[in-house]
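Presented below is the structure to which this report refers.
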Amino acid sequence: MSEHRTCLGLELGSTRIKAITIDPSFRPVSSGDYTWASRYENGVWTYPLEEVWTGLKTALSQVEGREHIAAAGVSAMMHGYLAFDKDWNLLTPFRTWQNTITGAAAAELTERFGFNIPQRWSIAHLYQAVLNQEEHVPKIAHITTLAGYIHYQLTGVNAVGVGEASGMFPIDSAALDYDRTMLEQFNAVTAPLNLPWKLEDLLPRVLVAGQDAGTLTEAGSALLDGLLPAGVPFAPAEGDAGTGMTATNAVAPRTGNVSAGTSIFSMVVLERPLKEVHEEIDLVTTPTGAPVAMVH
């Protein structure tokens, strides 16, 4: 990349939407932001998706030198639940990581998988909706995260980075994909309900850092009011845990970092898998798929 070219990061946190460019030496060049806040509506903490685009355009409009952007990527608050039909119509308001309404589902899945499933994970939200017999469940064709939704809208690629995927469903770090045994266990549990889908059909594809994750389409550029030209290549969408690990260079085994934001958590990259379930420890991954112990 030429010294005049930059990389763009779009980040959607709990309180701000940010856009920042860095140069080839990783030095910040220009930035913009937009302040937002979750809303408590009908018993659910949520954000309206319309405000996602208002915030991204506001933040991006403040970035100078957009014509020099060589690559981009999206990150956002992890976990939560965005469910869409086959035409990508939202079926129920976005359920953020802040919600603690999936206790029964999380407990049952943790016991069945022998793997800790926190309440905020996407699979806990999906299974709780199944247990609640919510009307939208048979109509689901896609579930994703906030970063995954934005990445799809901008590039047409329905995929997320492996670190982001690890907050949706357990990851097999050897296969760099969703854990196949646990997928089959989930499908066996839901089989008697005769739902018109299997879990693997709903989840976004898993990519690792460095893989091709598509380019900004003409439709995606239009969503940003042309503030970013079509054709810009995008990295796999990641979660805030993955971007924090990368920013602090804590991606190798026996390294770790602590984040003190809207929530406080520590992450340690493991040398080997844990021997047993610890409900106080969430198992996620680095952006290259290495297992990480997170205490949230």
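The values are calculated or read from the model by the stated rules, or taken from the named source; none is laboratory data. Since the model is a prediction, treat every value here as computed from it, not as a measurement. Reconstructed Cβ throughout: ideal geometry from the backbone, glycine too, with neighbour counts over all protein chains shown. Note: accessible area is taken over every heavy atom of the protein model, side chains too, but ligands, DNA and RNA are not part of it. Shrake-Rupley method; radii C 1.70, N 1.55, O 1.52, S 1.80 Å.
Annotations for the structure displayed:
- Residues of the stretch 84-104 that turn out to be part of a strand (DSSP E or B) and more than 14 Å from GLN153 (Cα to Cα), as a count: 1
- Positions within the stretch 1-44 being among the acidic types (Asp, Glu) and either outside any strand (DSSP E or B) or exposed (fewer than 15 other Cβ atoms within 10 Å of the Cβ) (or both), in sequence order: GLU3, ASP23, GLU41
- Flag for ALA247 being in contact (Cβ under 8 Å) with a residue 12 or more places away in the chain and of a type in the set (Gly, Ala, Ser): no
- Those residues of the stretch 267-280 which are modelled with pLDDT of 90 or more and under 20 Å from the mean Cα position of the chain (by Cα), in sequence order: VAL268, VAL269
- Selection of the stretch 118-136 for residues being surrounded by 21 or more Cβ atoms within 10 Å (Cβ to Cβ) and touching a residue at least 40 places away in the same chain (Cβ under 8 Å) yields PRO118, ARG120, TRP121, SER122, ILE123, HIS125, LEU126, TYR127, ALA129.
- In the stretch 156-180, the residues that are more than 14 Å from PRO273 (Cα to Cα) and open to solvent by 20 Å² or more (accessible area, probe 1.4 Å) form Cβ pairs under 8 Å with partners that are assigned to a loop (DSSP other than H, G, I, E, B) and modelled with pLDDT under 95, at six or more places apart or across chains, as follows: LEU176/GLY289.
- Residues in the stretch 171-213 that are outside any loop (DSSP other than H, G, I, E, B) and polar (S, T, N, Q) were compared, and the one that is nearest to GLY242 (Cα to Cα) is THR181.
- Residues satisfying the stated conditions in the stretch 185-225, i.e. among the charged types (D, E, K, R) and more than 19 Å from ALA129 (Cα to Cα): ARG205, ASP212, GLU218, ASP225
- Checking GLU67 against (1) modelled with pLDDT of 95 or more; (2) in a helix (DSSP H, G or I), the condition it does not meet: (1)
- Scanning the stretch 55-96 for residues that are within 19 Å of VAL29 (Cα to Cα), open to solvent by 50 Å² or more (accessible area, probe 1.4 Å) and either of a type in the set (A, V, I, L, M) or in contact with a helix residue (DSSP H, G or I) (Cβ under 9 Å, 6 or more places away or on another chain) (or both) gives LYS57, ARG66.
- Flag for ASN99 being in contact with a Phe, Trp or Tyr (Cβ under 6 Å, 6 or more places away or on another chain), over 21 Å from LEU10 (Cβ atoms) and either open to solvent by less than 60 Å² (accessible area, probe 1.4 Å) or not hydroxyl-bearing (Ser, Thr, Tyr) (or both): yes
- Lone qualifier among GLY226, GLY231, GLY214 - being in contact with a Gly (Cβ under 8 Å, 6 or more places away or on another chain), at pLDDT 95 or above and either among the hydrophobic types (A, V, I, L, M, F, W, C) or surrounded by fewer than 23 Cβ atoms within 10 Å (Cβ to Cβ) (or both): GLY214
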